[in-house]
Amino acid sequence: MTDSVEGNWAEIFTPRYATVTLILCLGVALLAFNAFLASISLPTAVQEMGGVALISWALTLFLVFAIVGGSGAALLKQRLGARTALLISAGIFLAGTVVAASATSMEQVLVGRALQGLGEGVVSAICFALIPELFPSRLVPKVFGLQAMIWAIAAFGGPAAAGLLTELVSWRAAFLVNVPLVLIFAAMVVVKVPAHSPEDRKVVSFPGLRLLTIGAAIMLVALAGLAQPLPAIGLLAGAGLLLVGVVWLDGRSRDRLMPPDAFRPVSVVGTGLWMVLLINIAGAGSAVYLVLVVQEMWGYGPTAAGAIAAVLAVAWSASAVMVANVRSKETRKTLIRLGPAMIAVGLVLVLAGLQMDQVAIVVAGQLVIGSGFGTCNGYLNLTMMEAASDAERDRTSALMPTTQSAGNAIGAALAGVAANSAGMAAAISAVEVKLAVVPVYALGAAMAALAFVAAWRMVGMIRPQDVNSSFAAG
């Protein structure tokens, strides 16, 4: 096939798609840069206002409300239309930013972070849902490749920008960087995003009980990451029961939050969501502990340790761009299977490098992990979008970033339980830290192995009739 059929990089920047491409990039940038800006500026805010015991809740509440917002995004889009839903959620995010930036207490910061999470969760989910609506399938891998590039830029530029603003101006300035981004995003949404798609319905019931249950479950997951091992296991078990209950209840509701086969390993979509969840659980432990461990074991400063962590984002971006032009369906299936296998191998390499005090091996492992995510992520998402029917496309697409966030939350909590069980909290010497980090990476590799099983099963279920022809044709 020619590039005109398969699509090329230049096409997403043509007048037809350029504005939409920029809107989606800004939606991702809000999440990516906000994550790094907040993590760098919040310690200074704590020093100014006190409330060090609340600092972890700044991330916890953001994550909980982001997952709740993302879960309800598809129904919000159906009821209000994409344009109105995006403008309202961007407004909520902006309000949260202003509340946090003008805070006089940590409690006020927490309110702002919760509003930011709610707004960003909806923005991210609807932006995902708009990808198959506004782009033909031939361009979707390029869109995901571009989004990966934004994350890589944020991984390097975000901490540096936040650090400079916090030191030279104020921690409040680091938060307020989001304001012009939100305003530009909103202006472009007004101009380009359609008010309603053909599948939108105006009257849907509010799924309050299900959203409340999802929020409670993620809150239990977050608490598990802070608890001792035995109570943490109980909290995780309770969270698991609540999430299973939500999926069961949602399947019997008239206005569903999820596609009917969500997390049921009997379809491409259901199995694919398991893969999304598992690969993010797999990578979360290393994301939480690598910088800390490198600093504790080798005496690296925050900049050097952060650079090692950022290697993963660069590899993710580069690999996503490299595979975005793959045309063969069989090669795409291979890439979906290859991704989790690479993540598992990369985690083992990082662990080996830490145990042998070899930074080169750790960096190599980070490269492999990032390449694993970049290799499979775009085609995994595209495959689920193609397999979803027109009626379920919004729910399927919007559930992807929400599932990623849930995977990160669950993975961080599981890693915390594993590390605390091995004595990480009390570790003083480099030898003790080495031993304590082993179960974190062993758990991550095991989750990646399960993701590989899900990928193998998912790819085996793909049939020509599973492809949504209206989406594929664009």
Open item on the list: Checking understanding here: applying a Kyte-Doolittle mean of at least 0.5 and a length along the axis of at least 30 Å (C-alpha), which whole DSSP H helices in the chain pass?
Closed with: 18-49, 55-80, 106-134, 140-168, 229-251, 268-298, 302-323, 329-356, 359-387, 430-461
Task: Simple spin-label estimate for Ala160 and Leu230 in nanometres, 7 Å along Cα-Cβ - done: 5.0
Open item on the list: Between Val359 and Glu330, what is 0.36 nm times their sequence separation minus the Cα-Cα distance? Round to one decimal in nm.
Closed with: 6.8 nm
Open item on the list: I want to check the label-to-label distance for Met461 and Val266. Put each point 7 Å from Cα in the C-beta direction and report it in nm to one decimal.
Closed with: 1.0
Open item on the list: Run the numbers for Trp248 and Trp9: contour at 0.36 nm per residue of separation, minus the present Cα-Cα distance, in nm.
Closed with: 81.9 nm
- [ ] Past 27 Å, Cα to Cα, is the threshold; run Lys192/Lys333; Lys333/Lys434; Lys142/Lys192; Lys142/Lys333 against it and keep the listed order.
- [x] Lys192/Lys333; Lys333/Lys434
TODO: Using all C-alpha to C-alpha distances in segment 10-199, build P(r) with 5 Å bins and read off the rounded percent in each one.
DONE: 1, 8, 17, 20, 20, 14, 10, 6, 3, 1, 0
- [ ] Kindly provide the helix-only [θ] at 222 nm of the chain, computed as the sum of -39,500 (n - 2.57) over DSSP H runs of four or more divided by all residues, to the nearest 500 deg cm²/dmol?
- [x] -28000 deg cm²/dmol
TODO: With a Förster radius of 30 Å, plug the Cβ-Cβ distance of Leu241 and Gln108 into 1/(1 + (r/R0)^6) and report the FRET value to the nearest 0.05.
DONE: 0.30
TODO: Select one label from (i) 1.02; (ii) 0.98; (iii) 0.94: the one whose number is Rg/Rh (Cα atoms, Kirkwood Rh) as derived from the coordinates shown.
DONE: (iii)
Open item on the list: I need the peptides 22-29, 366-373 ranked by packing, meaning the mean over residues of other C-beta atoms within 10 angstrom, with the highest value on top.
Closed with: 366-373, 22-29
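FYI, it's all coordinate maths here, none of it is from the lab. None of these values were measured; they are calculated from a predicted model. Heads up, the Cβs are rebuilt from the backbone with ideal geometry, glycines too, and the neighbour counts pull from every protein chain shown.
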